[in-house]
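For reference, the structure discussed in these notes is given below.
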Amino acid sequence: MRRSGSGYPTAILISLLLHGGVIALLVSGWHPEFKPRQLPQSTYMEAALLQMDAPPSPPGRKQAKPAPPSPPRPDPAEIQRQQQAARDKAAAAQAAKEQAAAKAAQQKAAQQKVAQEKAAAEKAAAEKVAREKMAREKVAADKAAAEKAAKEKAAKEKAAKEQAAKDKAAREQAAREKAARDKAAQEKAAQAKAAAEQAARDKAAAEQAAAVQGQMIATYGDYVRDRIISNWNRPPSARRDMEAVLQVRLVPTGQVMGVSVIRSSGDPAFDQSAVNAVQQVGRFERLQELSRKDPLLFERTFRTLTLTFRPEDLRL
């Protein structure tokens, strides 16, 4: 039996369709998982082309050209070789596509990694900037706090120094006032002591002077009494209970300037005997010596004498 020659065009058509589909898939970006598969073997049929006479062309119409003769029938081995070449080409294209996809994926991963690293670097930089900003703010805050603390400390120290100066001035003033009071008290005590000592000395001097004056008064009084008694002649009418008081006026020379009875004894003879006794003395010479030594004592004691006469004695 003879195979028909119409199987050759069918195989070529199928091959062209397969190549076109693969190319279309590659162009469209479809990336199927590559699994090599065996294409089914084409069934070739042999047919005989019979030459048929063309019908006569109608009048007025061109006669159609006769169809070209069919190409010679291809060799089945050649067809298998071409099919295998097509499969190899498709596999190579698929491998290239997968390699390109892998490379694109690697590039994309690298780009993503770069982007991630860039984002991480930017984030780290931003965090670093934030940390540096926080650090600067903290440093500024610490500095401000330190300056504030320093100012407060300086103000406290200044206030403490001023208060210490005031306290020191107050203590010094108090010390000066106390010293002044103590000095015044000491001076007052010294003055009081000096006054007391002076008073004691004055008292002692006065007592001594009084003693001296008393001694002088006693001495000069005894002198006056002795002089008068030596000149007194008692009358026979004198009695023990009689008493005559005379007042005698003298001058610094001791001269008697006057005698008067300031209280009578009741007996004129007794009174007159007393007056005569004073007048007979006339002048007390030693009283002139006293008036030169102590005029004040003479004036106070002997300028005017009060004499009391009794029959048994004579008293100044």
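Sort out which residues of the stretch 216-234 are part of a helix (DSSP H, G or I), of a type in the set (D, E, K, R) and touching a helix residue (DSSP H, G or I) at 6+ places or on another chain (Cβ under 9 Å), and write them in order of number. Hit for the stretch 216-234 is 227, nothing else.
Here residue 222 clears all of (1) out of contact with any strand residue (DSSP E or B) (no Cβ under 6 Å at 6 or more places or on another chain); (2) closer than 23 Å to residue 209 by Cα; (3) touching a residue at least 40 places away in the same chain (Cβ under 8 Å) except the condition numbered (3).
Please determine, by comparing only the residues of the stretch 276-316 that are among the hydrophobic types (A, V, I, L, M, F, W, C) and part of a loop (DSSP other than H, G, I, E, B), which one is modelled with the highest pLDDT. Only one residue fits best here, namely 284.
Is there a residue in the stretch 229-236 that is touching a residue at least 40 places away in the same chain (Cβ under 8 Å), surrounded by fewer than 19 Cβ atoms within 10 Å (Cβ to Cβ) and touching a Pro at 6+ places or on another chain (Cβ under 7 Å)? Yes: the stretch 229-236 contains one or more residues that are touching a residue at least 40 places away in the same chain (Cβ under 8 Å), surrounded by fewer than 19 Cβ atoms within 10 Å (Cβ to Cβ) and touching a Pro at 6+ places or on another chain (Cβ under 7 Å).
The values are calculated or read from the model by the stated rules, or taken from the named source; none is laboratory data. Values in this document were obtained by computation on a predicted structure and should not be read as measured data. Glycine gets a Cβ as well: all are built from the backbone with ideal geometry, and neighbour counts include every protein chain shown.
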